[in-house]
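Below is one structure, written out as structure tokens, with a few remarks after it.
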Amino acid sequence: MENCIFCRIIRGEAPAYFIYRGRGVSVFLDIFPVEKGHMLIVPDEHYESLHDTPPRIAAKLFTVAAALVRILRNELGFPGVNVITNSGRPAGQEVFHIHVHVIPRWHGGGWRRLVSRHRLTDEEANEFIDMIKPYIHIIDEYLGEVFGEGM
Ligand code: 5GP
Ligand code: ZN
């Protein structure tokens with residue numbers, strides 16, 4: 001998709017802070033995080049939302065989500081995490097390239113308090129990347145367990 005912002009990020013034509021790249025899936029930081037460490041899981045192939053995404057790719061996105069929740073809760077000690085995908089404009093979808101939000105939560109408020117956002121700073125991005133970097137192999141372990149070591 002020529003003008004899709006997430007396709008452009010994946011092709012390297014627009015910048016993003018990448019957390020993970022591999023096996024047809026990328027994870028990068030949301031530019032307007034709800035809380036520090038707000039990530040987006042995005043397939044390399046363009047689909048609009050969960051309604052037109054092939055099941056194998058949907059399964060891959062949520063396998064990565066499970067790995068990230070494991071890392072955030074068990075390794076980094078975050079007390080809460082939201083995993084969300086918005087399908088369609090009335091549900092709040094703004095970028096029409098499927099993505100799953102993984103939002104670490106320190107401050108509480110549940111899903112009703114997902115609106116307080118700020119612009120991602122370089123300092124915040126680099127701090128979070130340094131925190132999560134030692135545990136990124138867990139994503140490959142989860143994908144390997146579900147999809148096999150090859151792909
Ligand atoms: P949606 O509402 O479609 O589920 O979420 C789209 C998300 O993408 C929003 O949280 C928004 O902040 C994020 N976003 C939009 N444009 C960009 C961008 O250019 N780069 C990054 N990293 N995130 C973006
Ligand atoms: Zn796209």
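The values are calculated or read from the model by the stated rules, or taken from the named source; none is laboratory data. The shown structure was predicted, so the numbers you read here are calculated from the model rather than taken from an experiment. Note: ideal-geometry Cβ built from the backbone for every residue, glycine included; neighbour counts use all protein chains shown. Note: areas computed on protein heavy atoms with side chains; ligands, DNA, RNA excluded. Shrake-Rupley method; radii C 1.70, N 1.55, O 1.52, S 1.80 Å.
I want to confirm something. Restricting to region 71-91 and keeping residues that are of a type in the set (Val, Ile, Thr) and part of a strand (DSSP E or B), which single residue is surrounded by the most Cβ atoms within 10 Å (Cβ to Cβ)? Before you say what the answer is, go through the steps one by one.
From region 71-91, those of a type in the set (Val, Ile, Thr) are 71, 81, 83-85; that's our starting set.
With part of a strand (DSSP E or B) added as a condition, the list becomes 81, 83-84.
Details: 81: 18, 83: 15, 84: 15.
Ranking the qualifying residues of region 71-91, first place goes to 81.
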Notebook entry, point to check: Which residues, counting only those in region 1-47, are among the charged types (D, E, K, R) and either outside any loop (DSSP other than H, G, I, E, B) or surrounded by 16 or more Cβ atoms within 10 Å (Cβ to Cβ) (or both)?
Noted result: 8, 21, 23, 30, 35, 36
Item checked: Filter result for residue 141 (without any contact (Cβ under 8 Å) to a residue 24 or more places away in the chain and open to solvent by 30 Å² or more (accessible area, probe 1.4 Å)) -> no
Check: For residues in region 60-118 being away from ligand 2 (no atom under 16 Å from the Cβ) and aromatic (Phe, Trp, Tyr), which is nearest to residue 9 (Cα to Cα)?
Finding: 62
Notebook entry, point to check: Filtering region 92-110 down to residues that are under 17 Å from residue 37 (Cα atoms) and part of a loop (DSSP other than H, G, I, E, B), which residue is most open to solvent (accessible area, probe 1.4 Å)?
Noted result: 107
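Every residue, every condition in (1) of a type in the set (S, T, N, Q); (2) out of contact with any strand residue (DSSP E or B) (no Cβ under 8 Å at 6 or more places or on another chain); (3) modelled with pLDDT of 95 or more, yes or no:
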site: 51; (1), (2), (3): no, yes, yes
site: 71; (1), (2), (3): no, yes, yes
site: 84; (1), (2), (3): no, no, yes
site: 106; (1), (2), (3): no, no, no
site: 124; (1), (2), (3): no, yes, yes
